[in-house]
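*Asks:* Okay, handing you the structure first.
The values are calculated or read from the model by the stated rules, or taken from the named source; none is laboratory data. Please read all numbers here as calculations on a predicted model, not as lab measurements. Here Cβ is always computed from backbone atoms with ideal geometry, including for glycine, and neighbour counts include all displayed protein chains.
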Protein chains: 2
Amino acid sequence: MSILIKGVLLCAPNKHGLVDIYIEDNTIVEVSSAGKINVEAEHVVDGSNHIAFAGLINAHTHAAMTLFRGYADDLPLHEWLTNKIWPLEARLDAETVYWATRLACIEMIRTGTTTFNDMYFFMEDVAKAVRDSGIRAVLSYGFIDLFDEEKREVEIKRTENFVRFVEGLGCSRVKAAVGPHAIYTVSRDGLIWAKEYADEKGLILHIHLSETKKEVEECQKEYGESPVKYLDSIGFLGKNVVAAHAVWVSDNDAQILGRRGVSIAHCPVSNMKLGVGRAMPYQTLRNVGVNIALGTDGCASNNNLDMIEEMKVAALLHKMSGDPTVLNAHEALAMGSVNGAIALGINSGRIEEGAVADIVLMDTRSSRHVPGYNAISDLVYSSTAAQIDTVICDGRFVMKNGVIESEAEVLDKVKKLAFDLVGRESN
Amino acid sequence: MSILIKGVLLCAPNKHGLVDIYIEDNTIVEVSSAGKINVEAEHVVDGSNHIAFAGLINAHTHAAMTLFRGYADDLPLHEWLTNKIWPLEARLDAETVYWATRLACIEMIRTGTTTFNDMYFFMEDVAKAVRDSGIRAVLSYGFIDLFDEEKREVEIKRTENFVRFVEGLGCSRVKAAVGPHAIYTVSRDGLIWAKEYADEKGLILHIHLSETKKEVEECQKEYGESPVKYLDSIGFLGKNVVAAHAVWVSDNDAQILGRRGVSIAHCPVSNMKLGVGRAMPYQTLRNVGVNIALGTDGCASNNNLDMIEEMKVAALLHKMSGDPTVLNAHEALAMGSVNGAIALGINSGRIEEGAVADIVLMDTRSSRHVPGYNAISDLVYSSTAAQIDTVICDGRFVMKNGVIESEAEVLDKVKKLAFDLVGRESN
């Protein structure tokens with residue numbers, strides 16, 4: 001398949017201009033000034049009145065938690081988890097997770113996300129949902145041994161089985177990762193196994209890290225050091241680690257993360273909504289060279305998967321401290337795109353020759369883009385994701401002119417399954 | 001004219017349910033359980049798959065600053081104002097302000113806002129733009145005497161002239177207010193005149209208050225007290241005062257504001273983007289009974305007029321401190337609606353019998369509303385304003401099924417005027 005996008009305003013960090021984009025199979029073959037590409041393509045897209053940006057990359061989420069959107073908000077963290085979320089999660093089944101992930105994929109497509117980094121349960125079904133949705137994901141089974149040797153063996157088997165399952169799935173858009181949940185849910189042996197297994201298989205290691213003050217204080221009590229130092233002391237940290245949150249990290253922690261080449265998946269909306277009590281130290285982490293990507297976290301704590309919103313909130317949160325020059329629109333866009341690609345080790349996040357063809361088109365015929373002095377500022381600070389009408393992932397249309405196949409069916413299906421799960425009647 | 005909205009899910013703070021809504025002329029005549037109203041109406045709206053909420057009230061903005069959207073971001077506050085915004089404002093003319101305000105009104109309609117509280121220049125033209133747009137506004141000429149007696153006389157005349165102009169306009173949707181800009185731009189005599197004139201005429205007093213630390217420090221140096229105490233000492237504070245920002249207020253200031261019945265227009269996005277350095281002390285102000293409404297501020301510092309986004313960011317900002325129970329979805333919705341009506345002294349912000357008919361319909365056929373356990377949570381935390389398709393203001397459709405009259409014309413006009421203003425070519 002080939003696609004030619006003609007005369008579109010390209011928006012990339014520190015770069016913009018009117019271009020033509022030519023795609024063959026799943027790859028961007030040529031990006032040239034508008035009017036310069038003269039080839040026959042199977043699909044020609046008129047890019048006028050649109051901006052194009054690289055498919056956004058949601059570097060930390062739990063896609064199937066769309067099921068819990070609006071089920072429990074505005075509660076203390078512990079009460080929310082133990083009384084609301086966990087009891088429901090204990091009743092999940094494979095079918096429900098499949099459809100809830102399909103719903104999440106639809107929401108991501110509509111909001112310009114073409115890749116996500118997920119950790120959850122029933123991951124075989126998550127993988128099938130991603131395959132069927134046409135987008136890209138890095139998927140890890142949430143490894144939780146609760147410091148129990150027997151459980152650890154079960155989790156090791158489940159992780160290995162899932163990695164084999166993905167190998168057998170034969171879908172280049174789905175990559176397996178290893179997902180030790182956090183230092184407070186996984187034993188030292190579990191963490192070490194995960195690290196060695198990920199290195200051996202060349203996989204990403206996805207972990208929650210220093211999200212709350214409580215996590216850091218308990219780690220200090222248990223191991224006499226911070227979560228970052230603890231992970232470093234067991235050799236866990238490296239270039240394949242994607243650490244979600246990293247809110248409560250010290251200057252010294254930041255140095256370690258920078259030295260080890262760890263990527264962070266920053267989740268500002270979730271952190272704020274759950275009241276983690278401070279902002280991730282963005283400037284400190286950036287200054288020591290940590291690659292900072294952006295994630296929405298799950299819908300239970302956000303409550304959507306909208307990376308356009310996440311980019312704006314990230315900028316707002318870090319300017320708030322008193323310096324409006326911090327985290328400008330270009331940086332926010334980089335965090336939402338190319339930094340995520342670096343974190344996940346994928347050849348995406350850029351509209352450049354040789355990158356995979358993950359491209360989002362946003363209609364700018366909206367007051368939000370008038371006057372239109374600065375397309376990147378308008379994208380990050382003013383637009384709504386709802387203006388996105390066409391999304392290409394891996395060289396194929398996953399939304400064209402606002403239409404996603406089987407969207408209504410998926411919405412209906414999830415509504416039914418979700419209300420069955422919570423044992424209530426839908427409206 | 002009469003309108004019957006049938007079978008819509010009403011969303012109001014601490015209240016929701018399926019209802020019929022009947023409107024005659026500009027007033028809500030009846031709200032009953034769905035299926036209960038059997039009258040002939042000129043217009044019947046099918047409310048299925050929609051939620052209805054009271055038209056949102058933007059309690060502090062500078063509508064015509066849509067002109068400056070994206071013109072200058074991510075700069076230090078002082079540099080932004082003196083090198084970017086003020087030089088452009090010095091070149092504004094009446095026609096440009098008229099069209100820029102028309103653009104703002106379109107954006108507000110699309111995002112569910114039916115009333116705004118504005119302070120700017122060329123206010124006669126702002127008033128005409130509001131009249132022509134079909135929405136509601138409280139408008140004040142930005143009174144700035146810079147401590148100069150001659151200027152003060154000019155500003156007094158301009159304010160009086162504008163109030164007379166609005167009286168003569170004969171549009172019930174447009175109300176005049178008195179707008180002494182701030183304590184650092186208006187003399188004591190100017191403030192006192194504004195207060196007395198507003199009281200005499202029964203008008204709202206709209207002022208910027210304690211937005212930055214610098215403002216408070218300079219006031220302390222100049223007058224030996226905080227801006228709030230200074231205003232109180234000259235008898236300025238009362239129930240008709242709408243104070244924008246109130247970020248840097250002390251506990252004692254909060255007590256005074258509560259005692260005087262002042263309303264605050266909280267502008268979280270603008271405060272964060274401009275880096276004012278801390279959050280407005282929401283809980284302190286709320287605990288002493290201050291009425292807290294919500295505003296977007298101007299597009300130069302936001303960069304949109306989206307009150308749906310503003311409600312979510314308000315909740316996020318105040319939870320962030322460490323308590324996720326603070327500012328729940330119901331409170332956010334109240335801040336965006338009924339609290340604004342209280343601040344501006346208008347009979348709106350509620351879908352109740354006897355209130356003016358300012359009603360917004362949002363299509364919930366979106367992943368953002370699935371499963372749909374809690375319509376108010378979904379509205380505040382998950383939705384996008386782009387799902388709004390029908391807006392009624394003062395009993396008339398200002399948007400019907402996604403269509404606003406002369407929208408394309410206004411967008412084109414502003415684009416041209418804006419690029420002329422900055423002396424650049426449009427894309």
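*Asks:* Could you tell me how many of the residues in the range B:367-389 are of a type in the set (S, T, N, Q), surrounded by fewer than 24 Cβ atoms within 10 Å (Cβ to Cβ) and within 16 Å of B:Thr111 (Cα to Cα)?
*Replies:* 2
*Asks:* Which of (1) more than 28 Å from A:Ser383 (Cα to Cα); (2) touching a strand residue (DSSP E or B) at 6+ places or on another chain (Cβ under 9 Å) does A:Met65 not meet, given it meets every other one?
*Replies:* Here A:Met65 meets the rest and fails (1).
*Asks:* I need the full set of residues from the range B:354-392 which are touching a strand residue (DSSP E or B) at 6+ places or on another chain (Cβ under 7 Å) and in a helix (DSSP H, G or I), in order please.
*Replies:* Across the range B:354-392, the qualifying residues are B:Ala375, B:Ile376, B:Leu379, B:Gln387.
*Asks:* A further question follows. Residue under question is A:His60, and the condition is that it be buried (at least 23 other Cβ atoms within 10 Å of the Cβ) and touching a residue at least 24 places away in the same chain (Cβ under 8 Å); does it hold?
*Replies:* Working: buried (at least 23 other Cβ atoms within 10 Å of the Cβ): yes; touching a residue at least 24 places away in the same chain (Cβ under 8 Å): yes.
Judged against the criteria, A:His60 is a match.
*Asks:* Here is a further query. Right, A:Lys175: basic (Lys, Arg), assigned by TED's automatic domain parsing to the domain that holds A:Ser133, surrounded by fewer than 16 Cβ atoms within 10 Å (Cβ to Cβ) and farther than 17 Å from A:Leu146 by Cα or not?
*Replies:* Taking the combined requirement at face value, the residue does not satisfy it.
*Asks:* Go through (1) away from chain B (no Cβ under 13 Å); (2) under 21 Å from A:Ile144 (Cα atoms); (3) modelled with pLDDT of 95 or more and name the single condition A:Ala90 misses.
*Replies:* Only one criterion is unmet by A:Ala90, namely (3).
*Asks:* Here's a follow-up. Could you give me the residue pairs with C-beta distances under 9 Å whose first residue belongs to the range B:127-155 and is under 20 Å from B:Gly340 (Cα atoms), whose second residue is assigned to a strand (DSSP E or B) and basic (Lys, Arg) wherever it lies, and which are 6+ apart or on separate chains?
*Replies:* B:Val130/B:Arg136; B:Gly134/B:Arg396; B:Arg136/B:Lys175; B:Ala137/B:Lys175; B:Val138/B:Lys175; B:Leu139/B:Lys175
*Asks:* Let me ask something additional. Within the range B:109-117, is there a residue that is closer than 15 Å to B:Val178 by Cβ, assigned to a strand (DSSP E or B) and aromatic (Phe, Trp, Tyr)? First the steps, then the outcome.
*Replies:* Step one: of the range B:109-117, the residues closer than 15 Å to B:Val178 by Cβ are B:117.
Right, trim to assigned to a strand (DSSP E or B) and you get B:117.
Filter again for aromatic (Phe, Trp, Tyr), leaving none.
Scanning the range B:109-117 turns up no residue that is closer than 15 Å to B:Val178 by Cβ, assigned to a strand (DSSP E or B) and aromatic (Phe, Trp, Tyr).
*Asks:* Additional query: Got at least one residue in the range B:341-353 being among the β-branched types (Val, Ile, Thr) and either within 14 Å of chain A (Cβ to nearest Cβ) or outside any helix (DSSP H, G or I) (or both)? Don't jump to the end; show me each part of the working.
*Replies:* Narrowing the range B:341-353 to residues among the β-branched types (Val, Ile, Thr): B:342, B:346, B:351.
Subset that is either within 14 Å of chain A (Cβ to nearest Cβ) or outside any helix (DSSP H, G or I) (or both): B:346, B:351.
Yes - at least one qualifying residue is present in the range B:341-353.
*Asks:* Inside the range A:349-360, can you point out the residues that are out of contact with any Gly (no Cβ under 7 Å at 6 or more places or on another chain) and among the hydrophobic types (A, V, I, L, M, F, W, C)? Before the answer, list the steps.
*Replies:* Within the range A:349-360, the subset out of contact with any Gly (no Cβ under 7 Å at 6 or more places or on another chain) is A:350-356.
A:Ile351, A:Ala355, A:Val356 - these are the residues of the range A:349-360 that are out of contact with any Gly (no Cβ under 7 Å at 6 or more places or on another chain) and among the hydrophobic types (A, V, I, L, M, F, W, C).
*Asks:* Next question, about the same structure. If I ask for residues that are within 30 Å of A:Lys214 (Cα to Cα), away from chain A (no Cβ under 11 Å) and either outside any loop (DSSP other than H, G, I, E, B) or among the charged types (D, E, K, R) (or both), which ones from the range B:278-309 would you list?
*Replies:* B:Tyr282, B:Gln283, B:Thr284, B:Leu285, B:Arg286, B:Asn287
*Asks:* Does A:Ile156 fit the bill of being assigned to a helix (DSSP H, G or I), more than 14 Å from chain B (Cβ to nearest Cβ) and touching a Phe, Trp or Tyr at 6+ places or on another chain (Cβ under 7 Å)?
*Replies:* yes
*Asks:* Would you say A:Gly7 is surrounded by fewer than 22 Cβ atoms within 10 Å (Cβ to Cβ), modelled with pLDDT of 95 or more and more than 26 Å from the chain's Cα centre (by Cα)? Can you show your working first?
*Replies:* Numbers: surrounded by fewer than 22 Cβ atoms within 10 Å (Cβ to Cβ): yes; modelled with pLDDT of 95 or more: yes; more than 26 Å from the chain's Cα centre (by Cα): yes.
Spelling it out, A:Gly7 is indeed surrounded by fewer than 22 Cβ atoms within 10 Å (Cβ to Cβ), modelled with pLDDT of 95 or more and more than 26 Å from the chain's Cα centre (by Cα).
Conditions (1) crowded, with 24+ Cβ neighbours inside 10 Å; (2) touching a Gly at 6+ places or on another chain (Cβ under 8 Å); (3) closer than 18 Å to B:Leu231 by Cβ; (4) hydrophobic (A, V, I, L, M, F, W, C), marked per residue:
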{"site": "B:Cys267", "(1), (2), (3), (4)": "yes, yes, no, yes"}
{"site": "B:Met272", "(1), (2), (3), (4)": "yes, no, no, yes"}
{"site": "B:Pro281", "(1), (2), (3), (4)": "no, no, yes, no"}
{"site": "B:Leu285", "(1), (2), (3), (4)": "no, yes, yes, yes"}
{"site": "B:Val288", "(1), (2), (3), (4)": "no, yes, yes, yes"}
{"site": "B:Asn302", "(1), (2), (3), (4)": "yes, no, no, no"}
{"site": "B:Met307", "(1), (2), (3), (4)": "yes, yes, no, yes"}
{"site": "B:Glu310", "(1), (2), (3), (4)": "yes, yes, no, no"}
{"site": "B:Ala315", "(1), (2), (3), (4)": "yes, no, no, yes"}
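The rows are residues; the columns are (1) under 30 Å from A:Thr111 (Cα atoms); (2) in contact with an Asp or Glu (Cβ under 9 Å, 6 or more places away or on another chain); (3) modelled with pLDDT of 95 or more; (4) assigned by TED's automatic domain parsing to the domain that holds A:Met320.
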position	(1), (2), (3), (4)
A:Ala244	yes, yes, yes, yes
A:Asp251	no, no, yes, yes
A:Arg260	no, yes, yes, yes
A:Cys267	yes, yes, yes, yes
A:Ser270	yes, yes, yes, yes
A:Pro281	yes, yes, yes, yes
A:Val290	yes, no, yes, yes
A:Ala293	yes, no, yes, yes
A:Asn303	yes, yes, yes, yes
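For (1) within 14 Å of chain A (Cβ to nearest Cβ); (2) touching an Asp or Glu at 6+ places or on another chain (Cβ under 7 Å); (3) small (Gly, Ala, Ser), each residue gets a yes or a no:
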{"site": "B:Lys15", "(1), (2), (3)": "no, no, no"}
{"site": "B:Asp20", "(1), (2), (3)": "no, no, no"}
{"site": "B:Val31", "(1), (2), (3)": "no, yes, no"}
{"site": "B:Val44", "(1), (2), (3)": "no, no, no"}
{"site": "B:Ala100", "(1), (2), (3)": "yes, no, yes"}
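*Asks:* Scan the range A:320-340 and tell me whether some residue there is surrounded by 23 or more Cβ atoms within 10 Å (Cβ to Cβ) and more than 21 Å from B:Asp73 (Cβ to Cβ).
*Replies:* yes
*Asks:* Please specify each residue of the range B:1-39 satisfying the condition of being touching a residue at least 24 places away in the same chain (Cβ under 8 Å) and part of a loop (DSSP other than H, G, I, E, B).
*Replies:* B:Met1, B:Pro13, B:Asn14, B:Asp25, B:Asn26, B:Ala34, B:Gly35, B:Ile37, B:Val39 - these are the residues of the range B:1-39 that are touching a residue at least 24 places away in the same chain (Cβ under 8 Å) and part of a loop (DSSP other than H, G, I, E, B).
*Asks:* Kindly indicate the residue of the range B:404-421 that is modelled with pLDDT under 95 and not in a helix (DSSP H, G or I) and also farthest from the other protein chains (Cβ to nearest Cβ) among those meeting that condition.
*Replies:* The residue in question is B:Glu405.
*Asks:* Kindly provide the set of residues from the range B:63-78 that are in contact (Cβ under 8 Å) with a residue 12 or more places away in the chain, crowded, with 21+ Cβ neighbours inside 10 Å and within 9 Å of chain A (Cβ to nearest Cβ), ordered by number.
*Replies:* B:Thr66, B:Leu67, B:Phe68, B:Arg69, B:Gly70, B:Tyr71, B:Asp73
*Asks:* Among B:Glu225, B:Glu211, B:Glu200, which is the only one that is crowded, with 23+ Cβ neighbours inside 10 Å and either of a type in the set (D, E, K, R) or without any contact (Cβ under 8 Å) to a residue 12 or more places away in the chain (or both)? Working first, answer last.
*Replies:* Working: B:Glu225 fails: crowded, with 23+ Cβ neighbours inside 10 Å; B:Glu200 fails: crowded, with 23+ Cβ neighbours inside 10 Å.
Testing whether each residue is crowded, with 23+ Cβ neighbours inside 10 Å and either of a type in the set (D, E, K, R) or without any contact (Cβ under 8 Å) to a residue 12 or more places away in the chain (or both) leaves just B:Glu211.
*Asks:* Return the total of residues in the range B:379-403 being of a type in the set (Val, Ile, Thr) and at the interface with chain A (Cβ under 8 Å from one of its Cβ atoms).
*Replies:* 1
*Asks:* Within the range B:178-192, can you find the residues that are surrounded by 21 or more Cβ atoms within 10 Å (Cβ to Cβ) and over 27 Å from A:Ser321 (Cα atoms)?
*Replies:* B:Val178, B:Gly179, B:Pro180, B:Val186, B:Gly190, B:Leu191, listed by residue number.
*Asks:* With (1) buried (at least 17 other Cβ atoms within 10 Å of the Cβ); (2) outside the structural domain of B:Gly340 (by TED's automatic domain parsing) as the list, and B:Leu103 as the residue in question, which single condition is left unmet?
*Replies:* Answer for B:Leu103: the failing condition is (2).
*Asks:* Can you pull out the strands (runs of 3 or more DSSP E) entirely within the range B:40-88 that have at least 2 residues that are of a type in the set (Gly, Ala, Ser)? Full working, then the answer.
*Replies:* Details: elements: B:43-46, B:50-54, B:56-61.
Counting at least 2 such residues, we get B:50-54.
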